[in-house]
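Heads up, the thing below is written out as structure tokens.
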Amino acid sequence: MHTLNEHTRPDELTLLLQPLLAGNDTGLLSEAGSPAIADPGSGLVRLAHDNKIPVIPLVGPSSILLALMASGLNGQQFCFIGYLPIERHARVQTITELEKHSRNHDQTQIFIEAPYRNQGLLELIVQTCLDDTDLCVATNLTSSHESVTTKTIKQWKQKLPDINKIPTIFLLHG
């Protein structure tokens with residue numbers, strides 16, 4: 001058992017690949033999500049491909065896809081952005097661009113944030129976006145406290161939930 005995370009250096013991936021090169025079956029697991037989908041792992045998977053090692057994906061929960069499925073927003077055209085910029089001006093600019101892109105291309109924009117910054121991001125989205133833009137806030141997916149709520153920005157302005165330090169996926173559709 002080895003740990004692969006955001007601190008794993010590229011040169012360490014070769015060590016993680018050694019059991020596979022020796023002919024052993026191995027697995028790449030994620031504690032919450034799907035490996036290589038908004039989680040570490042793509043570098044190791046790519047290295048396996050480069051070494052002609054078959055990669056067999058197994059179905060498991062992905063909070064990104066679960067949120068999209070439960071949002072009621074466009075699941076035919078969507079884009080996962082990952083994390084938005086931290087600096088306020090750049091963050092506002094990015095939110096504005098994502099909303100405009102969503103409107104122009106009928107595309108759901110999906111993004112995440114560090115749980116301790118979720119509340120601030122939610123407040124900024126509501127301050128920045130147009131009233132008729134849809135926003136889905138999906139929290140604690142796959143837990144007993146799971147919540148997926150989609151409303152217009154105008155509706156969100158009436159009352160915001162407390163999502164501070166709660167794992168959250170944001171989905172925006174203009």
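The values are calculated or read from the model by the stated rules, or taken from the named source; none is laboratory data. All values reported here derive from a predicted model rather than from experimental measurement. No Cβ is skipped: glycine too gets one built from the backbone with ideal geometry, and neighbour counts run over all protein chains shown. Surface accessibility is based on the protein's heavy atoms, side chains included, excluding ligands, DNA and RNA. Shrake-Rupley method; radii C 1.70, N 1.55, O 1.52, S 1.80 Å.
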| field | Pair list, Cβ < 8 Å and 6+ apart or interchain, from the stretch 50-61 residues that are surrounded by 11 or more Cβ atoms within 10 Å (Cβ to Cβ) and outside any loop (DSSP other than H, G, I, E, B) to residues that are hydrophobic (A, V, I, L, M, F, W, C) and at pLDDT 90 or above | value | none
| Is it the case that the stretch 93-109 has a residue that's closer than 12 Å to Ile169 by Cα, at pLDDT 95 or above and either aliphatic (A, V, I, L, M) or not in a loop (DSSP other than H, G, I, E, B) (or both)? | yes
| query | Identify, please: which residue in the stretch 16-31 is more than 23 Å from Pro61 (Cβ to Cβ) and out of contact with any helix residue (DSSP H, G or I) (no Cβ under 8 Å at 6 or more places or on another chain) and is, among those, least open to solvent (accessible area, probe 1.4 Å)? | reply | Pro19
| Looking only at strands (runs of 3 or more DSSP E) that fall completely inside the stretch 125-174, which ones have 2 or more residues that are touching a Phe, Trp or Tyr at 6+ places or on another chain (Cβ under 7 Å)? | 134-139
| query | Which of (1) modelled with pLDDT under 90; (2) assigned to a helix (DSSP H, G or I); (3) open to solvent by less than 70 Å² (accessible area, probe 1.4 Å); (4) not aliphatic (A, V, I, L, M) does Asn5 not meet, given it meets every other one? | reply | (2)
| query | Residues of the stretch 76-85 being open to solvent by less than 30 Å² (accessible area, probe 1.4 Å) and either part of a loop (DSSP other than H, G, I, E, B) or in contact with a helix residue (DSSP H, G or I) (Cβ under 8 Å, 6 or more places away or on another chain) (or both), which ones? | reply | Leu84
| query | If the Cβ limit is 6 Å and pairs must be 6+ apart or interchain, which residue in the stretch 110-131 that is without any contact (Cβ under 8 Å) to a residue 40 or more places away in the chain pairs with which residue that is crowded, with 21+ Cβ neighbours inside 10 Å? | reply | Val126/Trp156; Thr128/Ile95
| task | Inspect the stretch 37-49 for any residue being modelled with pLDDT of 85 or more, loosely packed, with under 10 Cβ neighbours inside 10 Å and not β-branched (Val, Ile, Thr) and give the result as yes or no. | result | no
| remark: Note on the stretch 62-75: residues outside any helix (DSSP H, G or I) and crowded, with 18+ Cβ neighbours inside 10 Å are Ser62, Leu73
